[in-house]
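Input: a single structure, listed below in structure tokens.
The values are calculated or read from the model by the stated rules, or taken from the named source; none is laboratory data. Please read these numbers as outputs of a predicted model, since none were measured by experiment. Neighbour counts run over all protein chains shown; Cβ positions are idealised from the backbone, glycine included. To get the accessible areas, we keep the full protein, side chains included, count just its heavy atoms, and leave off ligands, DNA and RNA. Shrake-Rupley method; radii C 1.70, N 1.55, O 1.52, S 1.80 Å.
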Amino acid sequence: MVAPRPGTKIKIQSYKHNGQLHRVWENSLVLKGTESIVILANDKTKVVESDGRTWITREPAICYFHSKHWFNIIGMLRDDGIYYYCNISSPFVYDEEALKYIDYDLDVKIYPDMTYDLLDEDEYEEHSKLMNYPRVLDRILHNNMDYLLRWVRQKKGPFSPDFIDGWYERYLTYR
């Protein structure tokens, strides 16, 4: 797999298990790109939904993707602190067209005080039946949810105190 080059802008494409395109973020700046980790930044970025609707992100965000973990993490810098939105998803692939992953519905919203809400469990159950998620996939996704929540509790990786701010400072050097 080729790694995206720092300083380049790429698309992020989210798919569903059945292969249908779910959502596209038009322009994200690569801050770090290796075969295993990609860190991106975006701000006021156009997002296109599968039904054609578009919207613009409201605040700067640092996005963390890993080729071995079944989740990705978005740290959003707001006036009252850093909020995280975590997608339980397939590990990413990058193919020069875009950074791509499969979104498996389950999400975690984490607040600046590190409390969190689990989201979209009903959507996961519905899609699991509709798209026939295999039992082994269900186990992988729930195990990765547990792993992600351990990272939150331990303030590990993107949840460590200076991670998002440090990468945001790097992003500002490109602007």
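Numerical summary
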read-out	value
Meets criteria (open to solvent by 40 Å² or more (accessible area, probe 1.4 Å) and over 22 Å from D105 (Cβ atoms)) for K11	no
Unmet requirement for V108, which otherwise passes all of (1) loosely packed, with under 11 Cβ neighbours inside 10 Å; (2) of a type outside the set (D, E); (3) under 30 Å from R5 (Cα atoms)	(1)
Residue match in region 114-121 (condition: surrounded by fewer than 21 Cβ atoms within 10 Å (Cβ to Cβ), among the β-branched types (V, I, T) and within 19 Å of R153 (Cα to Cα))	yes
Sole residue being over 27 Å from E126 (Cβ atoms), out of contact with any strand residue (DSSP E or B) (no Cβ under 7 Å at 6 or more places or on another chain) and at pLDDT 95 or above, chosen from G33, G7, G52, G19	G33
Among the candidates Y83, Y101, residue that is within 15 Å of the chain's Cα centre (by Cα) and under 25 Å from Q20 (Cβ atoms)	Y101
Pairs, first of a type in the set (A, V, I, L, M) in region 2-29, second open to solvent by 60 Å² or more (accessible area, probe 1.4 Å), C-beta under 7 Å, six or more apart	V2/E96; A3/E35; L21/S50; V24/K11; L29/K9; L29/Y174
Single residue of S160, S128 found to be modelled with pLDDT of 95 or more and surrounded by 17 or more Cβ atoms within 10 Å (Cβ to Cβ)	S128
Hits in region 35-52 (condition: hydroxyl-bearing (S, T, Y) and open to solvent by less than 50 Å² (accessible area, probe 1.4 Å))	S36, T45
Pairs, first over 19 Å from G19 (Cα atoms) and part of a helix (DSSP H, G or I) in region 124-146, second aromatic (F, W, Y) and open to solvent by less than 20 Å² (accessible area, probe 1.4 Å), C-beta under 7 Å, six or more apart	N144/F71
Of the criteria (1) at pLDDT 95 or above; (2) closer than 29 Å to N27 by Cβ, which one E96 fails	(1)
Per-region count, region 30-52, residues outside any loop (DSSP other than H, G, I, E, B) and either basic (K, R) or without any contact (Cβ under 8 Å) to a residue 12 or more places away in the chain (or both)	2
Considering residues of region 53-66 that are of a type in the set (V, I, T) and not in a loop (DSSP other than H, G, I, E, B) only, the residue least open to solvent (accessible area, probe 1.4 Å)	I62
